[in-house]
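Encoded as structure tokens, the structure appears first; notes follow it.
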Amino acid sequence: MKHLRPCLLLGAVGFTLATLLSACQPEGDGTASNVPKLVIRATDGDYDVPAETSAGMTEVTLDNQGTGLHQLSLVQLKDGKAFDDFTAHLQTAKESDPAPSWAVAAGGPVVAAPGQQASSFVSLEQGTYAMRCYIPDAEGVPNFVGGMINWSLDNLAT
């Protein structure tokens, strides 16, 4: 009986914790199944982007169909800036230069190996976005310099 008390106490504590934690679960099934998905295919030198997507919380997936590592870095262009403004900045900027205030990092999948996918959840605001791959090629040059840069997420609908 003496050894039974600690077991009963631990059981009661465990039951209480399980009850409290279950009360903290989100409504529904607790999955991200209701979050819109945006799949962007990467090849060696380009992104294939769907024609439309919506603003809001989105699961962004990079589907790497290339032969090397690729990433998807989203940048929201603010203050009326366009993709041409962004590429002009990249052509003149040094690696150590800070990004302009109107080019705001918006997240995205970090790295996908060839034939693999990587996903992240990104809150996309209505607006214009550029995407680029910073992974260097065999010569050490970031892929976006060789053309792996795109502006296809333009004027997202709400």
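The values are calculated or read from the model by the stated rules, or taken from the named source; none is laboratory data. A quick note: this is a predicted structure, and the numbers were derived from the prediction, not measured. Heads up, the Cβs are rebuilt from the backbone with ideal geometry, glycines too, and the neighbour counts pull from every protein chain shown.
Scanning for something of a type in the set (Asp, Glu), at pLDDT 90 or above and crowded, with 16+ Cβ neighbours inside 10 Å, does region 39-52 turn up at least one residue?
no
Which number in (1) outside any strand (DSSP E or B); (2) modelled with pLDDT of 90 or more; (3) small (Gly, Ala, Ser); (4) more than 14 Å from residue 148 (Cβ to Cβ) marks the one condition that residue 66 misses?
(4)
So for region 63-79 (the condition being under 16 Å from residue 105 (Cα atoms), buried (at least 16 other Cβ atoms within 10 Å of the Cβ) and of a type in the set (D, E, K, R)), does at least one residue qualify?
No, region 63-79 contains no residue that is under 16 Å from residue 105 (Cα atoms), buried (at least 16 other Cβ atoms within 10 Å of the Cβ) and of a type in the set (D, E, K, R).
State all residues of region 100-132 that are more than 18 Å from residue 59 (Cα to Cα) and under 19 Å from the mean Cα position of the chain (by Cα); if no residue qualifies, say none.
103, 104, 113, 114, 115
Do we find a residue being at pLDDT 85 or above and loosely packed, with under 14 Cβ neighbours inside 10 Å anywhere in region 143-154?
no
If residue 128 satisfies every condition in (1) modelled with pLDDT of 85 or more; (2) among the β-branched types (Val, Ile, Thr); (3) under 18 Å from residue 42 (Cα atoms) but one, which is the exception?
Condition (3) is where residue 128 drops out.
Considering every residue within region 76-91, establish whether at least one is part of a strand (DSSP E or B) and touching a residue at least 12 places away in the same chain (Cβ under 8 Å).
Within region 76-91 (the criterion being part of a strand (DSSP E or B) and touching a residue at least 12 places away in the same chain (Cβ under 8 Å)), the answer is yes, since at least one residue qualifies.
Output the residue which, of all residues in region 93-137 that are hydroxyl-bearing (Ser, Thr, Tyr) and not in a strand (DSSP E or B), is surrounded by the fewest Cβ atoms within 10 Å (Cβ to Cβ).
Of everything passing the filter in region 93-137, 96 is surrounded by the fewest Cβ atoms within 10 Å (Cβ to Cβ).
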